[in-house]
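Visitor: Have a look at this one before I ask anything.
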Amino acid sequence: MTGLGAVFRPQLPPERLRSLARLADSEGLEELWLWEDCFLEGGVSAASAALAWTERLRVGVGLLPVPLRNVAVTAMEAATLHRLFPGRAVLGVGHGVQDWMGQVGARAESPVTLLREHLEALRALLRGERVTTDGRYVKLDGVALDWPPAEVPEVFTGATGPRTLRLAGEAADGTILTASTTPEGVRRARGLIDEGRRAAGRTGHHPVVVYLLTATGPGAAARLRAEIEADGENPVPDRGVAGDAEAVAEAVRRLADAGADTVVLQPTADEPDPEGFIRFAAREVCPLVR
């Protein structure tokens, strides 16, 4: 069964999160995903609030840029969320947008090295281990969490390029793919992730989350095309979907057939009815993909 979620885009003001999270919860939507885009809204603070306002909704953050955080802080924040809301928080980490990282003086010379070191240390800390490491970027001296999660959580990473996708297979528990990913792109990503897993001797399932740029209602096709072009991309087939519930469900099924475990519907930045979008996802699309 394909998991289905929706994105609360940070182009909306933070005070809109409460009503939309509660609506998603009451409508039975499985997951609500948040972004930590610079310089809009904090991912951990928003996730904590959304989890506190809801009862059963899973809340994902995709993703937390690792150049902005000491890994011990990431681990403390993650452990707190997982202990407060067991089984309901999903955290992803990643490179971050390099131009934004440069704006705040945090751009790494080797983003892949930084992400590898961060993932390895973060997962060890969340396992309750005492960690000493002297890497290029991550340096810890006998650090251990006093309150690690009761159950070891999965750590996701965002990935697009081949090196990072292989790294995701080696060092992360799951992968988040952007809304630019077509079904064929999901297949390629799965292959690269599996290469990394084999190289690291890892077995078991590696969940993949894919965003799907989605527009519905009046002017849907024009809004979808405008957003894709504004991002500097070509509006090729399978890059986003515009239409009714059946059209969206078919796009979700194509991504699932290509290897996605969870598809997260990403509204356009100018979505005129965010509440209606949540209801559309929960009431109309979910029954078609379960």
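The values are calculated or read from the model by the stated rules, or taken from the named source; none is laboratory data. Just so you know, these numbers come straight off a predicted model, no measurement behind them. Here the Cβ positions follow ideal geometry from the backbone for every residue, glycine too, while neighbour counts run over all protein chains shown.
Visitor: When the residues of segment 11-38 are filtered to those that are out of contact with any helix residue (DSSP H, G or I) (no Cβ under 8 Å at 6 or more places or on another chain) and not charged (D, E, K, R), which remaining residue is modelled with the lowest pLDDT?
Guide: Q11
Visitor: For D231, indicate whether it is surrounded by fewer than 22 Cβ atoms within 10 Å (Cβ to Cβ), at pLDDT below 95 and within 25 Å of T157 (Cβ to Cβ).
Guide: Numbers: surrounded by fewer than 22 Cβ atoms within 10 Å (Cβ to Cβ): yes; at pLDDT below 95: yes; within 25 Å of T157 (Cβ to Cβ): yes.
In short, yes.
For (1) in a strand (DSSP E or B); (2) within 21 Å of E30 (Cβ to Cβ), each residue gets a yes or a no:
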position: A222; (1), (2): no, no
position: R225; (1), (2): no, no
position: N234; (1), (2): no, no
position: V248; (1), (2): no, yes
position: R254; (1), (2): no, yes
position: V264; (1), (2): yes, yes
position: A269; (1), (2): no, no
position: A282; (1), (2): no, yes
position: P287; (1), (2): no, yes
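Visitor: So, one more: State all residues of segment 163-188 that are assigned to a helix (DSSP H, G or I) and hydroxyl-bearing (S, T, Y); if no residue qualifies, say none.
Guide: Residues of segment 163-188 that are assigned to a helix (DSSP H, G or I), as a first pass: 163-171, 183-188.
If the condition is that a residue be assigned to a helix (DSSP H, G or I) and hydroxyl-bearing (S, T, Y), then T164 is the only one that fits.
Visitor: From (1) surrounded by fewer than 23 Cβ atoms within 10 Å (Cβ to Cβ); (2) in contact with a helix residue (DSSP H, G or I) (Cβ under 7 Å, 6 or more places away or on another chain); (3) within 29 Å of A49 (Cα to Cα); (4) of a type outside the set (A, V, I, L, M, F, W, C), pick out the condition that doesn't hold for R127.
Guide: Every condition holds for R127 apart from (2).
Visitor: Within segment 72-128, which residues are acidic (D, E) and either under 17 Å from the mean Cα position of the chain (by Cα) or at positive phi (or both)?
Guide: E77
Visitor: Report, by residue number, each residue of segment 53-97 that is without any contact (Cβ under 8 Å) to a residue 24 or more places away in the chain and of a type in the set (A, V, I, L, M, F, W, C).
Guide: V73
Visitor: Taking segment 139-149 on its own, how many of its residues are surrounded by 12 or more Cβ atoms within 10 Å (Cβ to Cβ) and in a loop (DSSP other than H, G, I, E, B)? If you could, list the steps in order and put the result at the bottom.
Guide: Quick first cut of segment 139-149, residues surrounded by 12 or more Cβ atoms within 10 Å (Cβ to Cβ) only: 139-140, 143-145, 148-149.
Then keep just the ones that are in a loop (DSSP other than H, G, I, E, B); that gives 144-145, 148-149.
Qualifying residue count, segment 139-149: 4.
Visitor: Let me ask another. What is the number of the single condition among (1) surrounded by fewer than 15 Cβ atoms within 10 Å (Cβ to Cβ); (2) among the polar types (S, T, N, Q); (3) out of contact with any helix residue (DSSP H, G or I) (no Cβ under 9 Å at 6 or more places or on another chain) that T113 does not meet?
Guide: Of the numbered conditions (1) surrounded by fewer than 15 Cβ atoms within 10 Å (Cβ to Cβ); (2) among the polar types (S, T, N, Q); (3) out of contact with any helix residue (DSSP H, G or I) (no Cβ under 9 Å at 6 or more places or on another chain), the odd one out for T113 is (1).
Visitor: Right, another one. Scan segment 240-273 for residues that are in contact (Cβ under 8 Å) with a residue 60 or more places away in the chain and surrounded by fewer than 19 Cβ atoms within 10 Å (Cβ to Cβ) and jot them down.
Guide: Within segment 240-273, R253, R254, D257, D261, A269 qualify.
Visitor: So for segment 154-162 (the condition being over 30 Å from E271 (Cβ atoms), surrounded by fewer than 18 Cβ atoms within 10 Å (Cβ to Cβ) and of a type in the set (G, A, S)), does at least one residue qualify?
Guide: No - not one qualifying residue is present in segment 154-162.
Visitor: Scan segment 201-216 for residues that are small (G, A, S) and either buried (at least 24 other Cβ atoms within 10 Å of the Cβ) or touching a residue at least 60 places away in the same chain (Cβ under 8 Å) (or both) and jot them down.
Guide: Selection gives A215 alone.
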